[in-house]
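These notes are about the structure you will find just below.
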Amino acid sequence: MKAIDIIKDLSMFIILVLLQALVLNSITLFGVAVPILYIYFIIKQPLGRNRFYVILSAFLIGLVIDMFLNTPGVNAAATTIVATLRSLLVYILYPKNEIVGMVPSIRNGALAFVKYTIVMVLLHQIFLFTIDAITLFNLNHTLIRIASSSALTVILIIASDSLFFRKGRISG
């Protein structure tokens, strides 16, 4: 991995953490939907990137979010689980000839990216809100939080990707 890739990842990491902690966590639609944009960091990791790097960086972004939000390990656990499942999802959702080196983007196959984003976000929200709830006592409320936050997050990720990222492959 090149130094420029590390700088890009670190920049995206910092921007998403600050955006999540300082802005997005203050937004709650209808008392249940919270946009959780930091998962975008895991989604945008190039396909074929070292699995250990992806899992470690997912854990770290979750841990930093947990520190900002005073949620001991909830975000770190959810992001680590999703990052672990990421390789399987990429294999299932992306054409085999496009896997190595491609950065997932709306411009690199919109349908595959949308499916990948929906599955990643939905899995993340399921793990996040289930771990957060700790109990299935109020299952309806948890399911509504998962569905509404997932929908809001997917819309935000697709809009962000459409606006800020252009088609690209990593080299090397």
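The values are calculated or read from the model by the stated rules, or taken from the named source; none is laboratory data. Bear in mind that the values here come from a model prediction, so they are computed numbers and not experimental data. Note that each Cβ is placed from the backbone with ideal geometry, even for glycine, and that neighbours are counted across all protein chains shown.
Just need a number here: residues in segment 100-127 that are surrounded by 15 or more Cβ atoms within 10 Å (Cβ to Cβ), in contact with a Gly (Cβ under 9 Å, 6 or more places away or on another chain) and of a type in the set (A, V, I, L, M, F, W, C).
2
Would you check if THR84 is hydroxyl-bearing (Ser, Thr, Tyr), at pLDDT 90 or above and surrounded by fewer than 19 Cβ atoms within 10 Å (Cβ to Cβ)?
The answer is yes for THR84.
Just give me the residues in segment 37-52 being more than 16 Å from ILE106 (Cβ to Cβ) and under 8 Å from the mean Cα position of the chain (by Cα), in sequence order.
Of everything in segment 37-52, those that are more than 16 Å from ILE106 (Cβ to Cβ) and under 8 Å from the mean Cα position of the chain (by Cα) turn out to be TYR38, PHE41, ILE42.
Just to be sure, is ASP132 in contact with a helix residue (DSSP H, G or I) (Cβ under 6 Å, 6 or more places away or on another chain) and either modelled with pLDDT of 95 or more or part of a helix (DSSP H, G or I) (or both)?
Criteria met by ASP132.
Do the conditions hold for VAL23, that is, is it free of Cβ contacts under 8 Å to residues at least 60 places away in the same chain, surrounded by fewer than 18 Cβ atoms within 10 Å (Cβ to Cβ) and over 14 Å from the mean Cα position of the chain (by Cα)?
yes
Test PRO46 against the stated conditions and say whether it is assigned to a loop (DSSP other than H, G, I, E, B) and over 25 Å from PRO95 (Cβ atoms).
Taking the combined requirement at face value, the residue does not satisfy it.
Report yes if ALA112 is assigned to a helix (DSSP H, G or I), touching a strand residue (DSSP E or B) at 6+ places or on another chain (Cβ under 9 Å) and of a type outside the set (Lys, Arg), otherwise no.
Here the answer is no, as ALA112 does not meet what is asked.
Condition first: assigned to a helix (DSSP H, G or I), of a type outside the set (A, V, I, L, M) and at pLDDT below 90. Now tell me which residues in segment 143-172 satisfy that.
SER162, PHE164
Could you tell me whether GLY101 is in contact with an Asp or Glu (Cβ under 7 Å, 6 or more places away or on another chain) and modelled with pLDDT under 95?
On the way: in contact with an Asp or Glu (Cβ under 7 Å, 6 or more places away or on another chain): no; modelled with pLDDT under 95: yes.
No: the conditions fail for GLY101.
Here is a check on your reading of the model: is ASN97 outside any helix (DSSP H, G or I), on the phi < 0 side of the Ramachandran plot and out of contact with any helix residue (DSSP H, G or I) (no Cβ under 6 Å at 6 or more places or on another chain)?
no
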